[in-house]
1. How much of W499 can a 1.4 Å solvent probe reach, expressed as accessible area in Å² and rounded to 10?
2. Just the number, please: percent antiparallel of the DSSP beta bridges in the range 103-209, rounded to the nearest 5.
3. Per residue Cα convex hull volume for the range 628-735, in cubic angstrom?
4. Pop a pseudo-label 7 angstrom from the Cα along the beta-carbon direction at both E59 and W193 and give the gap in nm to one decimal.
5. Given axes a ≥ b ≥ c from the Cα gyration tensor, I'd like to know whether the range 521-571 is rounded (a/c under 1.5), prolate (a/b larger than b/c) or oblate.
6. What residues of the range 662-690 lie in the reach of a label at R612, counting those whose backbone N is under 20 Å from a point 7 Å from the Cα along Cα→Cβ?
7. Quick check: residue separation of E591 and T424 times 0.36 nm, minus the Cα distance between them. What number comes out in nm?
8. Convert each backbone phi in the range 135-140 into a coupling constant with the Karplus relation 6.51 cos²θ - 1.76 cosθ + 1.60 (shift: θ = phi - 60°), then list the ³J(HN,Hα) values in order as whole Hz, x for Gly and Pro.
Amino acid sequence: MILHPHGILAVAALLLATGSARAQDEAPTPSRTRIEEIRIVGKKSDAARIAGSATVIEEEDLERFEYDDPHSILRMVPGVYLREEDGFGLRPNIGIRGVSAERSAKVTLMEDGILFGPAPYSAPAAYYFPLMTRMVAVEVFKGPASVRYGPQTVGGAINFVSRRIPIEPTVAVDAAYGSYGYGKFHGWAGGTWENFGLSLEGVHLQSSGFKELDGGGPTGFQRNEIVLKGEAGFDLGAGFFLNNGIKLGYSDESSDETYLGLSDADFEENPYRRYVSSQLGQMEWDRQQYQFTQLLTWRDELNLQLTAYRHDFKRAWTKLNRFAPGAPTLRDIFANPTGINAVFLAVLKGEQDTSNRLETLRIGTNDREFVSQGIQLQGDGEVQTGPLTHGLSGGVRIHYDRIDRDHTEDPYDMFGGSLERTATPTITIVDSVGSTTAWAFYVEDEIEWEDLVVTAGVRAELIDTKFDEQVGPEPAHQTSSQDVVIPGIGAVYFIDDSWSVLGGVHRGFSPVAPGQAENADPEEATNYELGGRFFWEESSAEVIGFWSDYSNLIANCRQVTGCEPSEVDEQFNGGAVDVIGAEVQLAHAFETAWSFNVPTSLVYTYTHSEFRSTFSSASPVFGDVEEGDELPYLPEHLVTANVGLLGDHWDVTLSMRYVGTMRDVAGQGPIPENEKIPSAFVADLAMGWSPVEWVRLYVTIANAFDNEYIVSRRPFGARPGLPRMVAGGFKVLLD
């Protein structure tokens, strides 16, 4: 099923016309004309009533540090694993409760309740991410509470909540400047007049980059994002209100990024160096967003929301892929930079010219076009049956997405410390189209009886895929179908007004993408959690244990994980795996005798993982695995601690994070030095002051102690985290 933008516009126009024809002459109150951006939890305090793990990061938390990097924001959530890459979070790597973090492909990602990945079924790697400065809340779901939000249900779901159309006319500006040519300009304006609301929001974000390219050259980025929202609300009488909404967006990025890292020796000397062989690295993309919504409410007891959406995303990433076929792989060169590998490393650095065919560098461009579109209907209401209160919700979504891949390589020789194009013609290595049509249904019943809340839900996915490959002696065509039922149940019992206990179990599922081998199986797990919560005045605590019992863990092969270009997007089975852990959240606000308080918080995650079988895989993510091996990039300990001073018109907050030692490849026992990502401690400092109510001045210092640390060895060599970066800015809000 393909929904053309003009078709969506026609459907939206019909819905708007229907609503307008039934509208009454009397305009409704502004509070009834607003389409609430979909929030899974609602408010932070509401999370305590959910029969499953849920964390809400509110607007005041987001504004305190003015983070642009989604990794930095999600460190406030236990059970979330993050693998940094470029230092700015341009392409986040997010995992939850043991699922692979690569490109956030195993997490259901939404903005205002709508899937935002370029192709969430056909190619779920999140090469697009919304700019965090536009968000007013972030909601993270784990456990059975995430069942309703597919297609990925193994780890959990994340919903980013964007700014709503304001009721009162509002104009705001947020501007900042800082180290490494950092610049931000963010403005928005809007308001609601009788039964009509409108807002326009735009962001420009840039940096000249903190890495130093041999011989000079750009290493920074520029990003732009603009969003237009409109609403019209009508009182239909008899308690019914109809709200019609439109959301249009455009985003683009140009970044001089690379997958190439450094040898350990070069990292020790200067972690921010970039080899000259990465000088052509550049990502270019643009995205268009169309979204149309109708919300029908009845006396605050029934809500029905229909949304039609389409996202078009086009990207081209030029970067160093490899040496010529027959040469050592880049991963081997960095893992063992001796002997013949030392010669190839010298070519990468530009210290030695290309002297034979094997030393020719292959610079590849992965050119891809994506479509993601669908229609989503969901509703909720409340029913009383005797002593039981049922909060019923359900939904259906028909979704279509597609990825067109055109991957090419151009040969270059290293000569005189610079890359020179050879006379060999461009080589096409991938030319394929993959698509998915998926029907998804869910129903959920939140049953409340006195101090007990039980939430039982089930999700069904009917998935059909197609794949066409044009490279090779003859074109290949493949179709497949997957039908799955995903149940989940959770319960929370309130011992008193402060204490509660919770537990739950659900099925985790991640679908097979189009074009996979016949033996490629979906990722499946049975997930359990058990814990307790405490809330009292300015104190809160939550401790939850979890067990993800994988019957089959899968690895998605990508260049970011070190796969060969011809293997990109292939899926490999990893067999049975146990991931066991504990999540802790503590918070308390200390009152003082002076005119300020001291808010504190601690987030801690403990994780142990273990393969339950021995096997060999063609995927470098797994490689040769022995029973008992630990998963790579899954630290045993993660800690984030915040301490603040909060006055009437000012605030100072120190955020400290510790990431334990990680493995680059699966293994057990002592970690070899060339496979180790050492533990790291990083502290961020933020200060804000409001001289008047409508102005805020702020200063942020990321990595305040300027620690040098490795964030990853994938795909090729050691890669650094962001060095100390200072930025200052101001916000003006006029309403």
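The values are calculated or read from the model by the stated rules, or taken from the named source; none is laboratory data. What you see is a predicted model, and the numbers here were worked out from it, not measured in a lab. Cβ placement follows ideal geometry from the backbone for every residue including glycine, while neighbour counts extend to all protein chains displayed. These accessible areas exclude ligands, DNA and RNA; they are computed on the full protein's heavy atoms, side chains included. Shrake-Rupley method; radii C 1.70, N 1.55, O 1.52, S 1.80 Å.
1. 130 Å²
2. 90 percent
3. Values: hull volume 15.1 nm³, N = 108.
Hull volume over Cα atoms, normalised by residue count, gives 140 Å³.
4. Those two pseudo-labels are separated by 2.3 nm.
5. oblate
6. What the label zone holds, given the 20 Å backbone N cut-off, is 666-668.
7. Details: separation 167, 0.36 × 167 = 60.12 nm, distance 7.12 nm.
Extra length from E591 to T424 when fully extended: 53.0 nm.
8. Result, ordered by residue: 8, 10, 6, 10, 10, 10 Hz.
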